[in-house]
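Visitor: The structure that follows is given in the form of structure tokens.
The values are calculated or read from the model by the stated rules, or taken from the named source; none is laboratory data. The structure displayed is predicted, hence computed values, not measured ones. All accessible areas refer to the heavy atoms of the entire protein, side chains included, with ligands and DNA or RNA removed. Shrake-Rupley method; radii C 1.70, N 1.55, O 1.52, S 1.80 Å.
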Amino acid sequence: MIIEAGFDLVQLLHPEVLADAVSRRALWMLAADKDLRLLEISPVCPEFSGSLEPHVADIVAALAGSYRPVRYFALAHTTSPLDCDDWERISWDDQVLCEAHDFEPDQFLGRLVFDGDHIYSSAPRYSFRDYVGRENLPRAAVISGPHFGDCSCVACAQFNEMMAEYRALREAAEHGPAD
């Protein structure tokens, strides 16, 4: 799946974050590759403290621990019902995260906070293309097929490049670094 909008983030994270009492206490991460393809959705830590700042090391470890290179990520968690003053605190907390670790500007897509009745999002809510400052995010495209054999269309070329990168990573992991 290619993530194209904030709505995609909600659709993917909502069932994971709200699955049961254990998942509701965790801080969750959605990780995507350089083409905004979903890599994984996983808990960053089992007990979220309410602020991102104490969990920066957990977030960095989760990003580094992904079996494929992560380029974009979003975070999600639940909280007690929010009021108007909480939105500003959550936005400030996102800034603290970005200042605490040198993430590239567009690497952190934002955070989704579910309070039982509402969703707060510091990530874009709609199509990423509609947001100033998100112009460099990858876009999905539909390219008519058929795509057989040595097809050189942009979609097949991109797929073949990605598969070559993954094969090289797997080979390096299996055989160790080249001398």
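Visitor: Compute the accessible area per residue over the chain, keeping the other protein chains in place, probe 1.4 Å, unit Å².
Guide: Value returned for the chain: 59 Å² of accessible area per residue.
Visitor: In the chain, what percent of the accessible surface is made up of carbon and sulfur (1.4 Å probe, ligands and nucleic acids excluded)?
Guide: 54
Visitor: Could you compute Rg(Cα) / (2.2 N^0.38 Å) for the chain, with N its residue count?
Guide: 1.14
Visitor: Next question, about the same structure. Please label the shape of segment 126-166 as rounded, prolate or oblate, based on the square roots a ≥ b ≥ c of the eigenvalues of the alpha-carbon gyration tensor (a/c under 1.5 means rounded; beyond that, a/b larger than b/c means prolate, else oblate).
Guide: It is oblate, given that a/c is not under 1.5 and a/b is not larger than b/c.
Visitor: Could you give each residue of segment 121-137 its phi-based ³J(HN,Hα) in whole Hz, using Karplus coefficients 6.51, -1.76, 1.60 with θ = phi - 60°, and x for Gly or Pro?
Guide: 9, 8, 7, x, 8, 10, 4, 4, 5, 8, 10, 4, x, 10, 5, 8, 5
Visitor: Accessible surface of ASP150 in the full protein assembly, 1.4 angstrom probe, to the nearest 10 Å²?
Guide: 140
Visitor: Under 5 Å between amide H atoms, partner at least 5 residues away or on a different chain: which partners does CYS45 have, H built in plane at 1.01 Å?
Guide: Those qualifying (amide H under 5 Å, at least 5 residues apart or on another chain) are LEU27.
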